[in-house]
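**Q** The following block contains the structure, expressed as structure tokens.
FYI, it's all coordinate maths here, none of it is from the lab. Keep in mind that what you see is a predicted model, and the values were worked out from it rather than measured. Positions of Cβ are generated from backbone atoms using ideal geometry, with glycine treated the same way; all protein chains shown enter the neighbour counts.
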Amino acid sequence: MKAVLVSTYDLGRQPFGVASAAAWLARAGADVRCVDLAVEPFDPIAFEGADLVALYLPMHTAARLAARFLPAIRRAAPGARLCCFGLYAALNGESLLELGADAATGGEFEAVLADQMRPEAEGGVRTVLDRQRFLIPLRKGLPALDGYAHLVMPDGTRRVAGATQTSRGCLHRCRHCPVVPVYGGTLRIVQREVVLADVDNLVEAGAGHVTFADPDFFNAPTHSLRIVEEMHRRHPRLSYDVTIKVEHLLRYRRHLDVLKRTGCLFVTTAVESFDDAVLARLEKGHTGSEAVAAVGLLRAAGLGVKPTFIPFHPWTTRSGYAAFLARLAELKLVDDVPPVQLSLRLLITRRSRLLELPEIRRISGPFDPQALVHPWRHPDPDVDEMQRAAAAIAREAAAAGVSPGAVFERFVRLAEGAVAAAGEHTEAPRRAKVPYLEEPWYC
């Protein structure tokens, strides 16, 4: 039986989810082919004769792209069972079925996906959270690591970057997080020996840096730290980065020195806002002052800080946006925040806990099966216009390849009500002051 696994986008990473699924399908006897449409063109020939085609949807952008590709894939493989898997497959299963998919599964998807090779397998939408013994991801069918986003160092050198995971799901229930409707506060561990073997394979394939793509690396800190200790013993020159929520940075501050000692370059942390009222509505589990404290702890440990934000939400005001930018400058975070982070707008996914809030229900519309969100309008149309202008600045900065600091003043002027001229920057094209990945994090 021929199975084709498809990734549409995974933040510039070689996708762990596809490699993990490939291992399970190969064990079940399938002839597996992997296609990554983020780094290679769509080729109908790749799907000829396929019995199963499965698209990996770990994020909203991937799901939107998959919806566009589904008709073409159906034409290329008319006899194939067409499945979607991953976090956003579970969130958007009904819409994906309407677009032509036969099945959609989320959570711990590997066993369900392997079962889809049986002609009598059930279709429909399934979310599975059963504990499982992971297999070592099978990456040999994916495009070479060198074709994905690299790590760029302050001296301009680039390192090939890979990505793996020590866990899936999350113990927390932040209102806006897309993990919550699927995992509901559940955590699932990827066994230590599987993670280490995957890292070994990434290094053999040329990786000089690894991203741990867990929703939160400190959901299970003992497990995670044992992995990086052994990883560093095996590969002492390998660097890595992780994502850790503010609450965990404060609670487990004693472990930050271990991250530094074992090669961690920077930590991504979802600050989202410095406004305590907004953070309370999102149920983030931290305050603005605690976010500032976490930044200080990371810097004291010698670790880079990559905070992420949702600056545009129903409670944004022009003065509030200006205060947010001023706070970034005050904390000397301008170079650590990619321009896209200054333009992001709150996504309200299907089954989002945000819909618990009356003020969200008042401004949001029915679920849009094309956009895969509940559309919403800000009570002040001026704020929506400001967000569109901010998004345009971010796109222009990305196209021009300029540093965050080069374009920051344009966002400040936007908040003040004066839009800088297109193409206006304050310094030459990008030269990294801090290590960064070529594809910035966003949802």
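**Q** For the pair Lys140/Val39, report the inter-label distance in nm, with labels modelled 7 Å from Cα in the Cβ direction.
**A** 1.8
**Q** If you place +1 on the Cβ of every Lys and Arg and -1 on the Cβ of every Asp and Glu, how big does the dipole about the Cα centre of the range 147-437 come out, in debye to the nearest 20? Write out the running numbers ahead of the final one.
**A** On the way: 38 positive and 32 negative charges, 112 e Å.
Dipole of the range 147-437, to the nearest 20 debye: 540 debye.
**Q** Per the helix-only calculation at 222 nm, which mean residue ellipticity applies to the chain, given -39500 (n - 2.57) for every DSSP H run of n ≥ 4 and division by its residues, nearest 500 deg cm²/dmol? Walk me through the numbers on the way to the answer.
**A** Numbers: 16 runs with 161 residues, N = 443.
So the helix-based figure for the chain works out to -10500 deg cm²/dmol.
**Q** If a helix is a whole DSSP H run, which ones in the chain reach 15 Å or further along their own axis (Cα) and hold a mean Kyte-Doolittle hydropathy of at least -0.5?
**A** 16-27, 60-76, 192-204, 288-300, 318-330, 381-400, 404-415
**Q** Between Ile310, Thr287, Cys174, whose Cα lies farthest towards the positive end of the dipole of the range 147-437 when Lys and Arg beta carbons carry +1 and Asp and Glu beta carbons carry -1, centred on the Cα centre?
**A** Cys174
**Q** Measure off 7 Å from each Cα along the Cα-to-Cβ vector at Ala400 and Thr317, then give the distance between these two points in nanometres to one decimal.
**A** Once both label points are built, they end up 3.1 nm from each other.
**Q** Now a separate question. Given the C-alpha centroids of the range 9-33 and the range 170-210, what is the distance between them in whole angstrom?
**A** When both Cα centres are located, 15 Å separates them.
**Q** Now, a different point. Per-residue HN-Hα couplings for the range 81-94, Karplus 6.51 cos²θ - 1.76 cosθ + 1.60 at θ = phi - 60°, whole Hz, x for Gly and Pro?
**A** Calculated HN-Hα couplings, in order: 6, 10, 10, 10, 9, x, 3, 7, 5, 5, 5, 10, x, 4 Hz.
**Q** Sticking with this structure for a sec: Can you bin the range 9-68 into rounded, prolate or oblate? Criterion: square roots of the alpha carbon gyration tensor eigenvalues sorted a ≥ b ≥ c, rounded for a/c under 1.5, prolate for a/b above b/c, oblate for the rest.
**A** Verdict is oblate for the range 9-68.
**Q** Answer rounded, prolate or oblate for the range 76-149, using the Cα gyration tensor with square roots of eigenvalues a ≥ b ≥ c: rounded when a/c is under 1.5, else prolate when a/b is larger than b/c, else oblate. Mind showing how you got there, number by number?
**A** Working: a/c = 1.59, a/b = 1.30, b/c = 1.22.
Prolate.
**Q** Let me ask another. Contact order normalised by length for the range 2-127, with contacts defined as Cα pairs under 8 Å and 6 or more residues apart; what percent is it? Write down the numbers at each step before the final one.
**A** Numbers: 244 pairs, mean separation 31.5, N = 126.
Relative CO of the range 2-127 lands at 25 percent.
**Q** Residues with amide H under 5 Å of Val402's amide H, sequence separation 5 or more or different chain, H placed in the peptide plane at 1.01 Å from N; which?
**A** Amide H neighbours of Val402: Arg430.
**Q** Moving on to the next point. If Lys and Arg each add +1 and Asp and Glu each add -1, what is the summed charge of the other residues whose beta carbon sits under 13 Å from the beta carbon of Pro314?
**A** Surrounding charge for Pro314 is +2.
**Q** So for the range 152-227: antiparallel DSSP bridges make up what percent, rounded to the nearest 5?
**A** Here the share of antiparallel DSSP bridges comes out near 50 percent.
**Q** Let me ask something additional. Give me the distance between the Cα centres of the range 320-350 and the range 294-319, rounded to whole Å.
**A** The range 320-350 and the range 294-319 have Cα centres spaced 7 Å from each other.
**Q** If you don't mind, there's one more thing I want to ask. Rank by packing, highest mean first: peptides 114-125, 333-344, with packing defined as the count of other Cβ atoms within 10 Å averaged across residues. Each step should come with its number before you reach the end.
**A** Values: 114-125: 14.7, 333-344: 21.2.
The densest-packed peptide leads the list: 333-344, 114-125.
**Q** Which shape class, rounded, prolate or oblate, goes with the range 147-437 when its Cα gyration tensor gives a ≥ b ≥ c as root eigenvalues, a/c under 1.5 marks rounded, and past that a/b bigger than b/c marks prolate?
**A** oblate
**Q** Based on DSSP, what percent of beta bridges with both residues in the chain are antiparallel, to the nearest 5?
**A** Just about 20 percent of them are antiparallel.
**Q** Counting pairs on different chains as well as pairs 8 or more places apart, how many Lys pairs in the chain have Cα atoms under 21 Å apart?
**A** Taking the Cα cut-off of 21 Å, the pair count is 12.
**Q** For Ala415, what is the net charge nearby, where nearby means another residue's Cβ is under 11 Å from its Cβ and Lys, Arg count +1, Asp, Glu -1?
**A** +1
**Q** Which part of the range 109-134 falls in the paramagnetic zone of Arg351, meaning amide N under 12 Å from the point 7 Å along Cα-to-beta-carbon?
**A** Residues 125-129 fall inside that zone.
**Q** Packing-wise, with mean Cβ within 10 Å as the measure, how do 101-110, 219-228 rank, highest first?
**A** Descending mean neighbour count gives 101-110, 219-228.
**Q** Quick one: compute the contact order of the range 293-396, relative version, from alpha carbon pairs under 8 angstrom and 6+ residues apart, as a percent. Numbers along the way, then the final one.
**A** Working: 95 pairs, mean separation 29.7, N = 104.
Relative contact order comes out at 29 percent.
**Q** With a sphere of radius 14 Å drawn around the Cβ of Leu297, what net charge do the other residues whose Cβ falls strictly inside it have (Lys, Arg +1; Asp, Glu -1)?
**A** +3
**Q** Here's a follow-up. What percent does the relative contact order of the chain come to when contacts are Cα pairs within less than 8 Å and at least six residues apart?
**A** Working: 868 pairs, mean separation 58.3, N = 443.
This gives 13 percent for the chain.
**Q** While we're looking at this one, here's another question. Going by average Cβ density within 10 Å per residue, which order do the peptides 181-191, 52-62 take, highest to lowest?
**A** The peptides rank, most packed first, as 52-62, 181-191.
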